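K.L.:
Structure below; questions to follow.
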Amino acid sequence: MNGIISVLKPPGMTSHDVISFIRKVLGIKKAGHTGTLDPEAAGVLPVCIGKATKAVGYLSDGRKLYRANIKFGTVTDTYDSYGKITRETGISSINPKMIEDALEDFKGTISQKPPIYSALKLGGKKLYQYAREGKQVQIPERNVEIYELKLIDMLSENEAMIDILCSKGTYIRSLCYDIGEALGCGAHMSQLVRLEASPFKIEDSNTLEEIKAAAEDNRLADIIKSVEILFRHYKAIIIKQSALSSIMNGSLLFEQGVRQGFEGITENERVCLYGENGFIGIGSVYNDTGRQRLYIKTENIFI
C-alpha cells in the first residue's frame, strides 16, 4: 500500500495522533505526515504511506494556504487563544483600512521569529521545553516568503479573518503577533485552518471517519493518491524496457536508454521517470562534461 492521503485534520488532535490513527485503521507501519499542524488547528494534512514516505520532503517544500482569525488588543504567550494573556491594550475597534495597510508590509520575503511555544529545535531541544522550564532563550529569526496576504472579513470590531499563501516554515501565530505589533495594539491568532498544502486542497481532503469507512468497505483506492501527483509539473521521461532493470538498481540513464522525452532536457532539471507500466520515480539531469552529453541519475524510486 503506497500513496498519499489528504487528511482533513480536526482540531484537538496532534499531527502525530493522525498518523497513529492512519496506521491503526489501515493496518500499516510506515506512514508520515508533512507540514505539522498545531493541535488546535484544522485543515489539510497530507499523509504519506508505504514507499510514498520518501516523498515527505517534496511535499513539505510546497506552498501552504491558511485562513486565520486574528484578534486585536490581546497578546498571549503562545500567540494564540490557548495561551496565557500577557498584555491587553484595551483597544475598542480597528478598521479594515488600518489592517489592509499593515498587511502590505508583510508581503514578500520577511524575517520572522518562531514562537517560543513551538516544536522547533534549538540546541537539540524543542523550544516549548525551554518555555515550560521558564528559561529565556535567544530565538534566531529566519526568512520566510509571504506570496499573498489579504483581509477576507471583519468578524467584529476587534477581530478579522485573513488568508495567507506562504512558504514552508512560516508560523502563522508569529505573523498574527507581528501584525498586532505593527498596528500598536497587539494581537493573537484566535483560529487557524489550512486550506491547501500544494497540491492538496481542503475540498478534496478526507475526514478520519471517511478514511475509516473506506478501509472497512475496501474502498481505499478511492482516497489514496499516487505520489506521481507531486511531480506532474516535471517533464516525462519514458524509459526503454531494456534499460529499466539497470535504472532500478541505480545505474545512470543515458539517451540510448530513453524511448521518449530526452530531447530538450537541461542540466539540473528534475524529471519524472516512467516505464511501460507507468510511473516509477524521479531523477535529476547532469552533464557529463568529458563526453559532452547529458545523463539522468535516479533520485527516488516509488514502486
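The values are calculated or read from the model by the stated rules, or taken from the named source; none is laboratory data. On a predicted model such as this, the values are computed, not experimentally measured, just so you know. A quick note on method: Cβ atoms are made from the backbone with ideal geometry, for glycine too, and the neighbour counts reach across all protein chains shown. Accessible surface areas use protein heavy atoms only, side chains included; no ligands, DNA or RNA. Shrake-Rupley method; radii C 1.70, N 1.55, O 1.52, S 1.80 Å.
K.L.:
A 23 angstrom limit on the alpha carbon distance is what I want to check against. Which of 150/235; 54/201; 121/212; 29/168; 121/168; 121/225 exceed it? Walk me through the numbers on the way to the answer.
P.N.:
On the way: 150/235 34 Å; 54/201 21 Å; 121/212 34 Å; 29/168 27 Å; 121/168 16 Å; 121/225 32 Å.
From the list (150/235; 54/201; 121/212; 29/168; 121/168; 121/225), the Cα-Cα distance tops 23 Å for 150/235; 121/212; 29/168; 121/225.
K.L.:
Among all the lysines, which ones have a C-alpha under 16 Å from residue 125's C-alpha, if same-chain residues fewer than 8 places away are not counted?
P.N.:
135
K.L.:
Got a number for carbon plus sulfur as a percent of the chain's accessible area, 1.4 Å probe? Before the final figure, lay out the partial values.
P.N.:
Working: 7000 of 15380 Å².
Whole-percent figure for carbon plus sulfur exposure: 46.
K.L.:
Moving to a separate point now. Report the FRET efficiency, 1/(1 + (r/R0)^6), for residue 215 and residue 40, where r is their Cβ-Cβ distance and R0 is 35 Å, rounded to 0.05. All intermediate terms of the calculation are to be shown ahead of the outcome.
P.N.:
Details: r = 27 Å, r/R0 = 0.77.
Computed FRET efficiency for residue 215 and residue 40: 0.85.
K.L.:
Something else: Could you give log10 I(q)/I(0) at q = 0.11, 0.19, 0.22 Å⁻¹ for segment 26-116, computed by the Debye formula over C-alpha point scatterers of equal weight, without solvent?
P.N.:
With no solvent term, the Cα-only Debye profile gives -0.53, -1.13, -1.29.
K.L.:
Find which of 245, 3, 129 sits farthest along the positive direction of the dipole of the chain, computed with +1 on the beta-carbon of Lys and Arg, -1 on that of Asp and Glu, about the Cα centre.
P.N.:
Projecting each Cα onto the dipole axis, the largest value belongs to 245.
K.L.:
Which percent, to the nearest 5, of DSSP beta bridges fully inside segment 222-295 are antiparallel? Each step should come with its number before you reach the end.
P.N.:
Values: 11 of 15 bridges.
Restricted to segment 222-295, the bridges split so that about 75 percent are antiparallel.
K.L.:
Another one. What Kirkwood radius, in Å to one decimal, follows from the Cα pairs of the chain? Working shown, then result.
P.N.:
Values: mean 1/r = 0.0460 Å⁻¹.
Result for the chain stands at 21.7 Å.
K.L.:
Quick check on packing: order 222-230, 264-272 by the mean number of other C-beta atoms within 10 Å, highest mean leading.
P.N.:
Ranking, from highest mean packing down: 222-230, 264-272.
K.L.:
Follow-up. Among 193-201, 55-63, how do they line up from the highest to the lowest mean number of other beta-carbon atoms within 10 Å?
P.N.:
193-201, 55-63
K.L.:
Starting from the amide H of residue 150, placed 1.01 Å from N in the peptide plane, find each other amide H under 5 Å away whose residue is 5 or more places distant or on another chain.
P.N.:
Excluding prolines and chain starts, which carry no amide H, the hits are 163.
K.L.:
Can you tell me what percent of all Cα-Cα pairs in segment 212-292 are more than 16 Å apart?
P.N.:
Working: 1862 of 3240 pairs.
When every Cα pair of segment 212-292 is considered, 57 percent fall beyond 16 Å.
K.L.:
If each residue of separation counts as 0.36 nm, what is the full-extension length gain between residue 277 and residue 151 once their alpha-carbon separation is subtracted?
P.N.:
On the way: separation 126, 0.36 × 126 = 45.36 nm, distance 4.72 nm.
Taking residue 277 through residue 151 to full extension adds about 40.6 nm, to one decimal.
K.L.:
Taking the Cα-to-Cβ direction at residue 113 and at residue 81 and moving 7 Å from each Cα, how far apart do the two end points lie in nm?
P.N.:
So the label points at residue 113 and residue 81 sit 2.6 nm apart.
K.L.:
For segment 50-165, go through all pairs of different Cα atoms, get the mean of 1/r, take its inverse, and jot down that Kirkwood value in Å. Each step should come with its number before you reach the end.
P.N.:
Details: mean 1/r = 0.0597 Å⁻¹.
Roughly 16.7 Å, rounded to one decimal.
K.L.:
If DNA, RNA and ligands are ignored and the probe is 1.4 Å, what is the ranking of 204, 17, 77 by accessible area, most exposed first?
P.N.:
Details: 204 100, 17 65, 77 40 Å².
Sorted by accessible area, descending: 204, 17, 77.
K.L.:
Now for a different question. Percentage of Cα-Cα pair distances in segment 100-256 greater than 27 Å, rounded to whole percent?
P.N.:
On the way: 6426 of 12246 pairs.
Cα-Cα pairs of segment 100-256 separated by over 27 Å account for 52 percent.
K.L.:
Amide H to amide H under 5 Å from residue 63: which residues, 5+ apart in sequence or cross-chain, H placed 1.01 Å off N in plane?
P.N.:
198
K.L.:
May I ask you to order 82-88, 7-13 by the average number of other C-beta atoms within 10 Å around their residues, highest value first? If you can, show how the numbers build up before the last one.
P.N.:
On the way: 82-88: 12.6, 7-13: 18.7.
Ranking, from highest mean packing down: 7-13, 82-88.
K.L.:
Dipole size in debye (nearest 20) for the chain around its Cα centre, Lys and Arg Cβ +1, Asp and Glu Cβ -1? Show your work: numbers first, answer last.
P.N.:
Values: 38 positive and 37 negative charges, 263 e Å.
Charge dipole of the chain: 1260 debye, to the nearest 20.
K.L.:
I've got another one for you. Along the charge dipole of the chain, which of 274, 190, 208 sits closest to the positive end, that is, farthest toward it, with unit charges on the beta carbon of Lys, Arg, Asp and Glu (+1, +1, -1, -1)?
P.N.:
The residue sitting farthest along the positive end of the dipole is 274.
K.L.:
Moving to a separate point now. Ignoring everything except DSSP H segments at least 4 long, calculate the 222 nm mean residue ellipticity for the chain; use -39,500 (n - 2.57) per segment, divide by total residues, nearest 500.
P.N.:
Working: 7 runs with 61 residues, N = 303.
Counting only the DSSP helices, I get -5500 deg cm²/dmol.
K.L.:
Okay, next question. With r defined as the distance between the Cβ atoms of residue 233 and residue 143 and R0 fixed at 22 Å, what FRET efficiency is calculated, to the nearest 0.05?
P.N.:
Once rounded, the FRET efficiency stands at 0.35.
K.L.:
Could you report segment 110-238's accessible area per residue, 1.4 Å probe, as an integer in Å²?
P.N.:
Working: 6640 Å² over 129 residues.
Each residue of segment 110-238 exposes 51 Å² on average to a 1.4 Å probe.
K.L.:
Could you give the length gained by full extension between residue 259 and residue 136, i.e. 0.36 nm per residue of separation minus their alpha carbon distance, to one decimal place?
P.N.:
On the way: separation 123, 0.36 × 123 = 44.28 nm, distance 6.02 nm.
Result for the pair: 38.3 nm of gain on full extension.
K.L.:
Where the only charges are on Cβ atoms (+1 Lys, Arg; -1 Asp, Glu), what is the dipole of segment 120-238 about its Cα centre, to the nearest 20 debye? All intermediate terms of the calculation are to be shown ahead of the outcome.
P.N.:
Details: 16 positive and 19 negative charges, 169 e Å.
Around 820 debye, computed over segment 120-238.
K.L.:
So, in Å, what gap is there between the alpha-carbon centers of segment 287-303 and segment 7-22?
P.N.:
That distance is 39 Å.
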